[in-house]
Ligand SMILES: Nc1nc2c(c(=O)[nH]1)N[C@H]1C(S)=C(S)[C@@H](COP(=O)(O)O)O[C@H]1N2
Ligand SMILES: [Mo]
């Protein structure tokens with residue numbers, strides 16, 4: 001029996017992960033979709049909801065829930081992965097919520113393209129970024145941090161914010177958003193790690209200067225080598241990655257049988273073109289069959305039949321994905337990314353009996 005309930009990693013703020021070993025359909029059901037919060041869930045209701053669009057714009061305005069819902073909408077399937085997903089696979093252990101494989105999920109999101117709102121506001125010349133701010137607030141954990149309480153906020157380059165697929169979403173798999181997923185309105189930023197998909201979206205601010213907020217600098221950043229040494233950048237695009245859903249780590253697999261290994265693979269700004277599976281710890285690789293077609297910004301499930309050996313043994317399974325840009329999943333974690341973007345080939349150890 002597969003355990004089909006969310007796994008609690010933290011009660012307050014609420015952080016729960018999806019049982020990835022229960023991977024079934026292309027879409028993750030809403031009640032099995034992971035939740036990643038930094039602060040308590042704010043209590044918002046649609047009737048009092050207001051989204052402010054301002055900053056370096058000619059026409060700042062406010063819009064309510066009903067008006068937003070009366071605008072032209074778009075529906076798109078998007079995979080969200082938390083930048084800290086799979087953190088529990090890191091050795092030595094890194095700080096932060098110890099996610100296993102379940103801080104990722106795929107849903108069909110409906111909302112208003114952000115660019116419709118931005119075009120109405122008319123960004124001024126020199127506008128460079130768009131800061132998305134949520135209604136939740138609290139004191140962040142890690143240094144360097146501000147003295148008091150802050151809201152959750154992240155910025156996008158204005159070019160990304162103007163792309164057709166970035167939306168202010170009010171539906172998830174056809175239902176209104178649940179409070180923990182950002183009710184009544186959240187951003188969905190396809191291709192980016194999910195910290196960019198700001199929940200409880202109440203403010204969109206256009207800026208001329210790069211945003212330097214806590215979630216853009218202290219958290220959700222990485223180091224990149226340059227002529228000037230290592231330079232800090234905000235995390236953006238999800239890296240190419242595949243995960244094995246079944247078998248689970250520690251599972252006992254029947255000897256001399258055919259076991260169907262299944263999983264999913266995704267890549268932020270590119271399409272997954274192949275997945276390979278190794279059942280001998282990375283010495284040899286087999287091509288897996290991709291179950292889902294290519295849908296921009298959504299994962300592709302894959303499967304591969306494994307003829308298990310006839311005698312008792314242990315096996316180490318690895319899956320690696322590649323994408324249309326030529327990127328291949330690496331064997332080791334890049335320490336420049338600290339406790340984020342953990343996309344190396346994650347081992348699953350099983351016993352054959
Ligand atoms: N306002 C707000 N938006 C937020 C967050 C948050 O704490 N507050 N967490 C972010 C992070 S880190 C992730 S991974 C996704 C998780 O979205 P979900 O909880 O709907 O799965 O929301 C993002 N948006
Ligand atoms: Mo996240």
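None of the figures in this text is laboratory data; all of them are computed from the coordinates on show. Quick caveat: nothing in here was measured; it's all calculated off a predicted structure. For neighbour counting, all protein chains shown are included, and Cβ atoms are generated from backbone atoms with ideal geometry for every residue, glycine included.
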Treating only the Cα positions of segment 244-349 as identical point scatterers, give the base-10 log of I(q)/I(0) from the Debye formula at each q in 0.11, 0.12, 0.20 Å⁻¹.
-0.36, -0.42, -1.06
With a point put 7 Å past each Cα toward its Cβ, work out how far residue 12 is from residue 163 in nm, to one decimal.
3.9
Label-zone membership for segment 62-91, site residue 173, 7 angstrom Cα→C-beta point, backbone N under 19 Å:
75-82
With the convex hull built on the alpha-carbon atoms of segment 91-149, volume per residue in Å³ sits at 211
So which residue, out of 44, 101, 132, gets the largest mean-square fluctuation from a GNM of the chain using Cα contacts under 10 Å as springs?
44
Taking 0.36 nm per intervening residue step and subtracting the Cα-Cα distance, what contour gain separates residue 332 from residue 125 on full extension?
70.2 nm
222 nm mean residue ellipticity, helices alone, for the chain (DSSP H n ≥ 4; -39,500 (n - 2.57); rounded to 500)
-1000 deg cm²/dmol
Along the Cα-to-Cβ line of residue 324, 7 Å from the Cα, sits a label point; which residues in segment 56-78 have backbone N less than 17 Å from it?
77-78
Two-decimal log10 I(q)/I(0) for segment 169-242, as the Debye equation yields it once each C-alpha is a single scatterer, q = 0.12, 0.13, 0.23, 0.26 Å⁻¹
-0.46, -0.53, -1.15, -1.24
Equivalent ellipsoid semi-axes - Cα gyration tensor, segment 150-280, angstrom:
34, 22, 14
If one computes the Cα centroid of segment 139-174 and of segment 187-210, what distance in Å separates the two points?
4
Place a point 7 Å from the Cα of residue 208 in the direction of its beta carbon; the residues of segment 104-132 whose amide N falls under 17 Å from it are 122-131
Output the direction-averaged projected area (hull surface divided by four) of the convex hull of the alpha-carbon atoms of the chain, in nm².
18.7
Calculated over segment 27-119: convex hull of Cα atoms, volume per residue (Å³):
157
